[in-house]
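What follows is one structure encoded as structure tokens, with my remarks underneath.
The values are calculated or read from the model by the stated rules, or taken from the named source; none is laboratory data. Note that the coordinates shown come from a computational prediction; the quantities given were computed from them, not determined experimentally. Glycine also receives a Cβ, built like all others from the backbone with ideal geometry; neighbour counts cover every protein chain displayed. All accessible areas refer to the heavy atoms of the entire protein, side chains included, with ligands and DNA or RNA removed. Shrake-Rupley method; radii C 1.70, N 1.55, O 1.52, S 1.80 Å.
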Amino acid sequence: MTDQPVSPATPKPDAPPPLDSEVAQLAAAEREIAVDIGDKLVEIQNLTVRFGGLTALDDVTFDIKRGEILGLIGPNGAGKTTCFNAMTGVYRPSSGGVLLEGEPIGRSKQHKITRRGIARTFQNVRLFGEMTALENVVVGLDARHKVGVWGSLFRTPRLYREEKNAIDRGMALLEFVGIADKAAVQASALPYGYQRRLEIARALATDPKLLCLDEPAAGFNPAEKEELMELIRTIRADGYTVLLIEHDMRLVMGVTDRIVVLEFGKKIADGLPKDIRNDPTVIAAYLGEED
Ligand SMILES: Nc1ncnc2c1ncn2[C@@H]1O[C@H](COP(=O)(O)OP(=O)(O)OP(=O)(O)O)[C@@H](O)[C@H]1O
């Protein structure tokens, strides 16, 4: 990776290559693609999360529409990660809730919520460091396997087929995020930027309806941030819906369709990037913040 600014006209050597149709098909798997922005994929309804006496999220309501990139921003401690955690089953709401395609996710366990279609990455990279990049993605694909105990014990033809499919699809996902050349490298040995891309590939392996990215640009230089913006746009163009927590305002303003702003656990704004940028309440919330 380099510190030089990236010109959009000059593809970077490690930028994601254009996908040929076979790769695109493999990466897409059984997901339904090409939906217009419009209907509500996720509804956050009066979501409140308390930790003892602290109200981290206070009666927050917003929607995520299918096919959009929604930014979730706010000063430090505003409640953004708590919102992700409540949506992905890490925290239970104190009141209110989350609907996915009209159905409450209720008090489902994290893996059930992943199966239902919400995948996430974390602020701090969480990979299986001893495994290769490809193995990390194949682990994400495992949830989709249909072979039962007997199939696994006796290594039925279906198991071999699924393993082959998982490897092909894992490679396609690595290619999709631009790191296929590092498939055989141990995750812990990958440069930081590649680890972040690998986390995204692993989240995509679960075939999510909604991909939640928690500060994916943390620790990136400007060139890496440009590349990440391109990747997020590619992910959306491929039919995914994205919820993005990010402190870098240039990145958020440059890549999102709409932005929800939290401050002290309350929603203080919800609108187009150009309106959020000039919203006096949002500007006041950020006064004194570095970004
Ligand atoms: N498990 C927890 N126990 C107690 N308090 C918590 C817990 N998780 C978060 N909080 C508190 O809830 C508030 C919101 O935190 P949260 O991490 O959601 O904010 P954030 O907007 O993601 O902040 P940042 O941008 O700094 O990551 C903070 O005051 C935080 O200290």
Has the range 90-112 got at least one residue that is on the phi < 0 side of the Ramachandran plot, of a type in the set (Phe, Trp, Tyr) and touching a residue at least 60 places away in the same chain (Cβ under 8 Å)?
no
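Looking for whichever is outside any helix (DSSP H, G or I) and without any contact (Cβ under 8 Å) to a residue 60 or more places away in the chain here; the options are 219, 254, 239. Which one fits? Steps first, please.
Details: 254 fails: outside any helix (DSSP H, G or I); 239 fails: without any contact (Cβ under 8 Å) to a residue 60 or more places away in the chain.
Selected residue: 219, the only one of 219, 254, 239 that is outside any helix (DSSP H, G or I) and without any contact (Cβ under 8 Å) to a residue 60 or more places away in the chain.
So if I check each of 59, 63, which one is more than 9 Å from the ligand (Cβ to nearest atom) and open to solvent by 60 Å² or more (accessible area, probe 1.4 Å)? Quick ask: steps written out before the conclusion?
Details: 63 fails: open to solvent by 60 Å² or more (accessible area, probe 1.4 Å).
The match here is 59.
Quick one: which residue in 211, 272 is surrounded by 15 or more Cβ atoms within 10 Å (Cβ to Cβ) and modelled with pLDDT of 90 or more?
211
Per-residue answers, yes or no, for (1) within 30 Å of residue 192 (Cα to Cα); (2) within 16 Å of the ligand (Cβ to nearest atom); (3) among the β-branched types (Val, Ile, Thr); (4) surrounded by fewer than 19 Cβ atoms within 10 Å (Cβ to Cβ):
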site: 45; (1), (2), (3), (4): no, no, no, yes
site: 48; (1), (2), (3), (4): no, yes, yes, yes
site: 96; (1), (2), (3), (4): no, yes, no, yes
site: 126; (1), (2), (3), (4): yes, yes, no, yes
All but one of (1) open to solvent by less than 30 Å² (accessible area, probe 1.4 Å); (2) under 20 Å from residue 56 (Cα atoms); (3) touching a helix residue (DSSP H, G or I) at 6+ places or on another chain (Cβ under 8 Å) hold for residue 263; which doesn't?
(1)
Mind listing whichever residues of the range 62-101 are closer than 18 Å to residue 285 by Cβ and not aliphatic (A, V, I, L, M)?
62, 71, 74, 75, 76, 77, 79, 80, 81, 82, 83
